[in-house]
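A short worksheet on the structure shown next.
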Number of protein chains: 2
Amino acid sequence: MRDVAAVAGVSVKTVSRVLNAEPNVSEELKERVRRAAATLNYELNVYAGGLRRMGARTNAIGLMLESVDDAFSAAIHRGVETVTRRHSIIVLAQSFEEDADRERTVVKEFLRRRVDGLILTTVSRDQAYLSAEAARGTSIVFVDRPAVSVAFDSVVSCNFDGAVAATRHLLEHGHRRLAYVGGDHEIWTLRERLRGYFDELDRWGVPRSDVVALTGVHGEEGARTEVHRMLDGPQPPTAIFAAHNRMTVGVLRALHERGRQHDVAMVGFDDVQLLDLLEPGVTVVAQDPHRLGELAAERLLARMAGNPLELETLTVPTTLIERGSGEIPGPFAA
Amino acid sequence: MRDVAAVAGVSVKTVSRVLNAEPNVSEELKERVRRAAATLNYELNVYAGGLRRMGARTNAIGLMLESVDDAFSAAIHRGVETVTRRHSIIVLAQSFEEDADRERTVVKEFLRRRVDGLILTTVSRDQAYLSAEAARGTSIVFVDRPAVSVAFDSVVSCNFDGAVAATRHLLEHGHRRLAYVGGDHEIWTLRERLRGYFDELDRWGVPRSDVVALTGVHGEEGARTEVHRMLDGPQPPTAIFAAHNRMTVGVLRALHERGRQHDVAMVGFDDVQLLDLLEPGVTVVAQDPHRLGELAAERLLARMAGNPLELETLTVPTTLIERGSGEIPGPFAA
DNA sequence: GTGAAAGCGCTAACAG
DNA sequence: CTGTTAGCGCTTTCAC
């Protein structure tokens, strides 16, 4: 900046004024400064400015996702970006991979960079470690899973309702021997989906002994293995509810390997590309991750702007999309 | 930091030493400082430090991708992250959406944040606007597409070879009326693939009049429409080469809608989840975007470390994966 | 309308 | 081993 001032023959303050579009600079000096900056290829250093500036905004937010590489997470990321872009806010995205230690590390890394706000998906048992930071003025919004034992806004899908809808759909199509294939029970969304599954089974009076609920299944490969095992068992299920996108793919892989995709019904949670082109098409409870990201970002920006808002959990509805696999009739079909 | 010093009863410099793990501090003071920092929930401000520190590293890099939401881009992102994470370097990821104006805006935004390096996928006609920045010491590596009229390292897929392999595969299976369905001709990767397509056709002596090469196709929906149009035409192709992931999906959608997936051969460029479960499975030329990201990040870090390196374009090979759709025999099959 | 001086939070350089 | 002073690049404050 000093160099620019020297080239333009003005003081650094005048350069600062011009580059920050502050008033009270003559057209002539504006022009000279701009030309000098262009010549020297100079860009303002936002951090140096932020240091002195009141409020010390960095115009950056931290976004922690399961993995930047996961389709669901990536859609949230994109949703956040569509909002932040309009405000020239930059997104620091980091994967935490369902690892509570890494979660802490990533958050700490964000705080050392003095982000103005955080949008977090978390897996730790509770997030009390964040309350001191919130007290210091950092805005925080949780996405996909609500905060535990701390008071922050959350934006989540209707996991319970979605699971109820999926389960009811299979029951209505005449299935009673259902199987739920889910992942880590530590994860809130999966607990909610399992709760919805059991809740609807209870409403229909289906005894727990008739159904299966697998909760510790590990990824796509785990789901595949479990389905093979179940199909080999004494009382194989006639319908499967896959509790998230990777489970869905694993279940499908097993069914196709067995050639059973046309006679074992299945509903997946979360939509995945190409599911409609499979034979049969795969019925899913679709989420709207892009919307989750947008809402979380909007909420965060409102908080950052200091708007007085009630603490809230925003819920995004899910949609059951019938494509064939969920409509395969069971033994009790009308 | 001053507060921490006050609480610990030491000077700020001692706090700085402890928190930066510098030597020459007694165990007792270390302990007192750490306790004070924990009490006050204090984290170092990396930017304030970087301002004074020689070299002024921000330990951040800018990553510009087509879209954080695109599976191919997201895999690059993940590859970059696996490398940067080991060095406590944070990634600012931004989508540019094949928009040259936005490309400039995003880069400028990165530079205002004084990133230590840039990993860029670009679409502008040339990137001369970056050379001044490079002269100032910012390391730059191009990923997926090479730099145009500026001398930077690049990490790219073997697009030409992959396209040759795909084309040859279809020719070998007895097809002569081929169709190439590609996107924007401004994009280097797509030009390379088209070049590979024509090159192999020429080698086989297939006249251009026998084949189709669509280059301005717009996204998945555009590809779908074009395939319908071709199938309605007087001389429909017996085999289709879809030049990237979204084209692949669009082509498949059209073929399935027509019920022609079993008699029109097809090879896609870039692998997509679930392609193996379709009927028939979809043959593709797979790229390794994760590897692209890793290599780009490694190269960038080596540059940032000041290693003297020759300017280079690293090339990642592609792999033809046979799954059925590409092996559908054509009229000239042996 | 413009600029000089002070200071944001931190570390380099040096003194003790 | 520990502290003091100066200054990184910028903006605030205030004088002209």
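Would you work out the relative contact order for the stretch B:44-150, in percent, from Cα pairs under 8 angstrom that are 6 or more residues apart?
28 percent
Taking the Cα centre of chain A as origin and charging only Cβ (+1 Lys, Arg; -1 Asp, Glu), how large is the dipole, in debye to the nearest 20?
For this selection, approximately 1420 debye.
Can you give me the distance in nm between label points at B:E28 and A:S16, each placed 7 Å from the Cα along the Cα-to-Cβ direction?
Modelled inter-label distance: 4.3 nm.
Provide an ascending nm list, one decimal, of label-point separations from B:D210 to the equivalent residue in each further copy; define each label point as 7 Å from Cα along Cα→Cβ.
Inter-copy label distances (nm, one decimal, shortest first): 6.3.
If each residue's Cβ is checked for other Cβ atoms within 10 Å, how do B:F332, A:F269, B:F96 rank with the fewest at the top?
B:F332, B:F96, A:F269
Could you give the nm distance between label points at B:K108 and A:T82, where each point is 7 Å from its Cα heading toward the beta carbon?
It is 2.5 nm.
With θ set to phi - 60° and the Karplus curve 6.51 cos²θ - 1.76 cosθ + 1.60, what are the ³J(HN,Hα) couplings of the stretch B:319-330 in order, to the nearest whole Hz, using x for Gly and Pro?
10, 7, 10, 7, 9, x, 5, x, 9, 5, x, x
In whole Å, what are the Cα extents of the protein assembly as shown along the three principal axes, biggest one first?
In descending order, the Cα extents are 77, 69, 47 Å.
Which whole-Hz ³J(HN,Hα) couplings does the stretch B:98-113 yield from phi under the Karplus relation 6.51 cos²θ - 1.76 cosθ + 1.60, θ = phi - 60°, glycine and proline marked x?
6, 10, 5, 5, 5, 3, 4, 4, 5, 4, 4, 4, 4, 5, 4, 9
Which value in deg cm²/dmol, rounded to the nearest 500, describes the helix-derived mean residue ellipticity at 222 nm for chain A, given -39,500 (n - 2.57) per DSSP H run of n ≥ 4 and division by the residue count?
Only helices count here, giving -13500 deg cm²/dmol.
Hey, rough spin-label estimate for A:N41 and A:D99, points 7 angstrom out along Cα→Cβ, what's it come to in nanometres?
A separation of 3.8 nm, rounded to one decimal place.
Pairs of Cα atoms under 8 Å, at least six residues apart: use those to get the relative contact order of chain A, whole percent.
Relative contact order, chain A: 18 percent.
Residue-wise, which Karplus ³J(HN,Hα) couplings in Hz belong to the stretch B:236-250, taking 6.51 cos²θ - 1.76 cosθ + 1.60, θ = phi - 60°, and x for glycine or proline?
Using θ = phi - 60°, the values come out as x, x, 9, 8, 10, 10, 8, 7, 7, 4, 5, 4, 4, 5, x Hz.
On a straight-distance basis, which lysines could pair with A:K108 in a cross-link, Cα separation under 26 angstrom, same-chain partners fewer than 8 positions away excluded?
Leaving aside lysines fewer than 8 places away in the same chain, those within reach of A:K108 are B:K13, B:K30.
How far apart are the A:L309 label points across copies, placing each 7 Å from Cα toward Cβ, in nm, shortest first?
Relative to the other copies, A:L309 has label-point distances of 4.2 nm.
Could you compute the net charge surrounding A:T238? Neighbours are other residues with a C-beta less than 9 Å from the C-beta of A:T238; K and R count +1, D and E count -1.
Computed value for this residue: +1.
Between the label point of A:E97 and that of the same position in each other copy, find the distances and list them shortest first in nm, with every label point placed 7 Å from Cα along the Cα-to-C-beta direction.
Listed shortest first, these distances are 3.2 nm.
Could you state the number of Å between the C-alpha centres of the stretch A:9-38 and the stretch A:282-334?
The stretch A:282-334 and the stretch A:9-38 have Cα centres spaced 49 Å from each other.
How much length is gained if the chain between A:A302 and A:T215 is pulled fully straight, taking 0.36 nm per residue apart and subtracting their Cα-Cα distance, in nm to one decimal?
Full-extension gain reported as 27.6 nm.
Can you sort B:E186, A:E27 so the residue with the fewest Cβ neighbours within 10 Å comes first?
Final ranking by Cβ density, sparse to dense: A:E27, B:E186.
Would you grab the residues whose amide H sits under 5 Å from the one on A:C158? Only those 5+ places off in sequence or on another chain, please, with H modelled 1.01 Å from N.
Under 5 Å from the amide H of A:C158: A:V316, A:T318.
Determine, for A:M230, A:M64, A:M1, A:M266, the number of other Cβ atoms within 10 Å of each Cβ, and report the residues in order from fewest to most.
A:M1, A:M230, A:M64, A:M266
Got the relative contact order for the stretch A:1-79 handy, in percent, Cα pairs under 8 Å and 6 or more residues apart?
Relative contact order for the stretch A:1-79 comes out at 21 percent.
Alpha carbon centre of the stretch B:76-91 versus the stretch A:209-265: separation in Å?
Here the two parts' Cα centres lie 35 Å apart.
Over the alpha-carbon set of chain B, divide Rg by the Kirkwood Rh and report the Rg/Rh ratio to two decimals.
Computed over Cα atoms, the ratio is 1.14.
Whose amide H sits under 5 Å from the amide H of B:V212, counting only residues 5 or more places off or on another chain, with H placed in the peptide plane?
B:L178, B:A179, B:Y180
Under 1.5 on a/c is rounded, so check that first for the stretch A:68-190, then, if it is not, pick prolate when a/b is larger than b/c and oblate when it is not; a ≥ b ≥ c are the square roots of the alpha carbon gyration tensor eigenvalues.
Prolate, since a/c reaches 1.5 and a/b exceeds b/c.
Where a number appears in this text, it was derived from the coordinates with a stated rule and is not lab data. In this text the structure is predicted, and so the values were computed from the model without any measurement. Quick reminder, even Gly has a Cβ in these numbers, built from the backbone with ideal geometry, and neighbours come from all protein chains shown.
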